[in-house]
Amino acid sequence: MESQNPRIKYLRDKAMHLPLLPGVYIMKNEKGEIIYIGKAKLLKNRVSQYFGSQNRHNTKVRRMVDNVYDFDHILTASEYEALVLECSLIKQNKPKYNILLKDDKGYKYIKITNEPWRRLQNAKQRADDGATYIGPYISGFVVKESLDAALKIFQLPQCGKTFPVKTKTRPCLNYHMNQCKAPCAGKMKKAEYDAAVDDAIEFLKGGTKEYIKVLEARMEMYSENLEFEKAAEVRDRINAIKRLTEKQQVIFSGTDTKDIFALARNDEEICFNVLRFVDGRLTGSINYFTELDETLENTRSEMIKRFYSSHDNIPKMVILDGESDDMELLAQWLTDLRGTKVDVFVPQKGRQMDIVSMSKNNAYEALAQKKSKSKADSAVIELGELLGLSKAPEYIESYDISHTAGADTVGGMVVFKNGAPYKSGYRKFIVNDVVGGDDLGAMREVLTRRFSHQNDDEFPRLPDLILMDGGENQVNVALEVLKSYGLNIPVFGMVKDQKHKTRAITVDGGEITISATRKVFTLVSAIQEEVHRFAISYHHAKHQKNAKQSELTSIEGIGQKKAEILWREFKTLDRIKRADIDTLASVKGISVKDAVNIKNHFSK
C-alpha cells in the first residue's frame, strides 16, 4: 500500500541522512503543528521505517504518515534521556497521534485552597488559582473517603464557614463528636489550625501505613519528653486512623503501592484497565480507550509513559499483563520520578497473576460496553424482527452444560441486557440429580431450578427470549420446563458449523440463517461464545477444586468436611502444602494429629 503523502520521497531521503544516534523525532503537518513525537535508540533506523513500505503499518500509523509534512529531531546522550525528553514534550504539546488517555470517568484531585485559613476540598480538575492540588486520583470514591477521613482525624471544619469569623458562634455537633475543634467558636487558634492542615496534607500524601509510622515516632518522642498530654493526643489520632481503615478489605499482603495495567483489544481499538492498590487494598479502577500504536508492546509502553506523565504518586510496583517495549528504561524513569526503586514486570503465576486477570476482565467488559452503547439497540431490534417477536428482546438468557466425561457436571446461565453482557444476572448451577453424560437431563434440572424462581431476589425478572446452546433437542427440553410452569417465553437454539462458529438459529425443526444480518450474527455469536466460556470456566474451576480436595481426602483422618475447612482457610493447595504444623493445627476443626498427617503427606 502506497502512502497518499506527496512528500514521502523527500521525507524518506531526509530520514536516511539522520545519524545513528539516540534522540527524539518530532513530526509536523503542513501548518507546522506537532502531530507526533517519538524517541529512538538509532534515529536513522527508526524514522526511516515510517516512510518505507506502508504495508507494515497499522491504520493509525498510516494516517499519521499521510499527514506528515516535515519533521525535526533532537539528539540526546542516551536512549534514556530520549525517553525523558519525549515524555516532557508530549506532555507539553499533546500531539494528535500520540496516545492521549481518554478515560471513562475523569481524574479527581484534593485541593488545598490559597487563603489564610486553608480549606481541603475535592476538585474535578486543576485550576490556575494559586491553590495546591494532590493527585490526580483515579477514583472519585477514594478522594471522598480520603478527604472525609482527613477532616475527621485532624478535626478540621467540614462546614462552609469562612474563617476567621467576625462573631463567635456555638460549636456544631461535629465538635461534640470530637470531629472538629470548632475554630468558629474560638476553640482552635490559627497556629493549631495550620499545624492540623499540614498534618492532614502529610497524611493524604503519605498513605495510612506510612503516616502511622510518623505518628508513632512522634508519640514516642512526646513520651520521652514527659509531654504526656501531647502523646495521648497523637495516640488518639492513631486510633482514629486505624478505626477508619480497618473495615477495608485487604487483597494484597504488604504495604507497597501497586498499579496493575491490563488491556483488551478489539481490532485496533484498545481499552486499558488500571487498578491501584495501596496498603494491600484496592483504591481505584479506571479505564482508558485508545488505538493500537504499532504493536501491543509499544502500546503498553506508550500507555505507561502517558499515565505517569500526569500522575504524581508513583507506585513501588507496576505490574503488566504482557511484555512492553523499553521495560528497563521505564523502570529507570519511574525510579527517578519516585526517588526509590520501582519494579516493572509481568507476573507468571500466583496472586499477582490473579489480579492481572481481574484487571483484564474489567478491560474487556469496559470495551464491550463501550462498543455496545452505539450498536446494541439496533442489533436487538433486528434480532426481534428476524425471530418474529412482538417486541425487541431487551433481556436475553442463554444456557449451556459442561462436564468432563460425565464428571462434575455444571450449568451456566448468562444474561445479555440491551445487547450487552449483564454480569450481575449470570448464574451457576451444580447438577446433582442426573447421571453423568446426560446433557438433556442436566439441562432439564438447570431450567427447572431456574424457573422455580420467578421474580424473586435470586431471579428478579423473566427473560424476553431464551437462547439455548444447541439444537432442537435442547429447545424442546426448555419448552417442556416452561410449559410445566405455565410460562410462554420464546425459545430458540444456536447451532454451530463444523468449525464451531455460530451458523444459524433453530426454530420448529428448521433453521433461520443469520449470517446475512451482520449485527444479529455478531450479537448471537457473542452470546453463544459467552455462555460456552462461562459454563466451561465454572466446570474447570469445580473440577480442579474437586481434584485437589480428593488429594486431601486421601490423607489419613481427613474426610470431605475437613478438606472443605482447609480449602476455605487456605484457598489453594500450594498454601496448604507450605503451611507448617502450627498453622495447620490453628485452623478450627483440624487437630494436631491431622496437621502432622497433612505435613507428612506433602513432605513425601
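The values are calculated or read from the model by the stated rules, or taken from the named source; none is laboratory data. All values reported here derive from a predicted model rather than from experimental measurement. Cβ atoms come from the backbone with ideal geometry, glycine included; neighbour counts cover every protein chain shown.
When region 238-275 is filtered for residues that are out of contact with any Cys (no Cβ under 9 Å at 6 or more places or on another chain) and at pLDDT 85 or above, the ones remaining, listed by number, are LYS258, ASP259, ILE260, PHE261, ALA262, ILE270, CYS271, PHE272, ASN273, VAL274, LEU275. Among the candidates ILE576, ILE598, ILE565, the residue that is closer than 20 Å to LYS349 by Cα, surrounded by 14 or more Cβ atoms within 10 Å (Cβ to Cβ) and in contact (Cβ under 8 Å) with a residue 12 or more places away in the chain is uniquely ILE576. The set of residues in region 177-213 that are over 41 Å from the mean Cα position of the chain (by Cα), assigned to a helix (DSSP H, G or I) and either surrounded by 17 or more Cβ atoms within 10 Å (Cβ to Cβ) or modelled with pLDDT under 85 (or both) comprises PRO183, CYS184, ALA185. Pairing residues of region 154-174 that are in the same structural domain as ARG235 (by TED's automatic domain parsing) and at positive phi with residues that are modelled with pLDDT of 80 or more and in a loop (DSSP other than H, G, I, E, B), at Cβ distances under 9 Å and at least 6 apart in sequence or on separate chains, gives GLN155/CYS180; GLN155/LYS181; GLN155/ALA182; GLN155/MET188.
In region 372-388, what residues are modelled with pLDDT of 75 or more and among the small types (Gly, Ala, Ser)? Passing the criteria: ALA379, GLY384, GLY388.
Of all the criteria given as (1) modelled with pLDDT of 80 or more; (2) under 23 Å from VAL446 (Cβ atoms); (3) buried (at least 18 other Cβ atoms within 10 Å of the Cβ), the one not satisfied by THR502 is (1).
Counting only residues that are outside any helix (DSSP H, G or I) and among the aliphatic types (A, V, I, L, M), region 466-505 holds 10 of them.
The set of residues in region 67-121 being among the aromatic types (Phe, Trp, Tyr) and either within 22 Å of HIS57 (Cβ to Cβ) or at pLDDT 90 or above (or both) consists of TYR69, PHE71, TYR80, TYR97. Scanning region 416-465 for residues that are in contact (Cβ under 8 Å) with a residue 12 or more places away in the chain, among the hydroxyl-bearing types (Ser, Thr, Tyr) and outside any loop (DSSP other than H, G, I, E, B) gives a single hit, THR448.
Being buried (at least 16 other Cβ atoms within 10 Å of the Cβ) and under 30 Å from VAL65 (Cβ atoms) narrows it down to one residue among ILE286, ILE270, ILE355, ILE314; which is it? Exactly one residue qualifies, and that residue is ILE270.
Among the residues of region 151-176, those identified as in a helix (DSSP H, G or I) and aliphatic (A, V, I, L, M) are LEU151, ILE153, LEU173.
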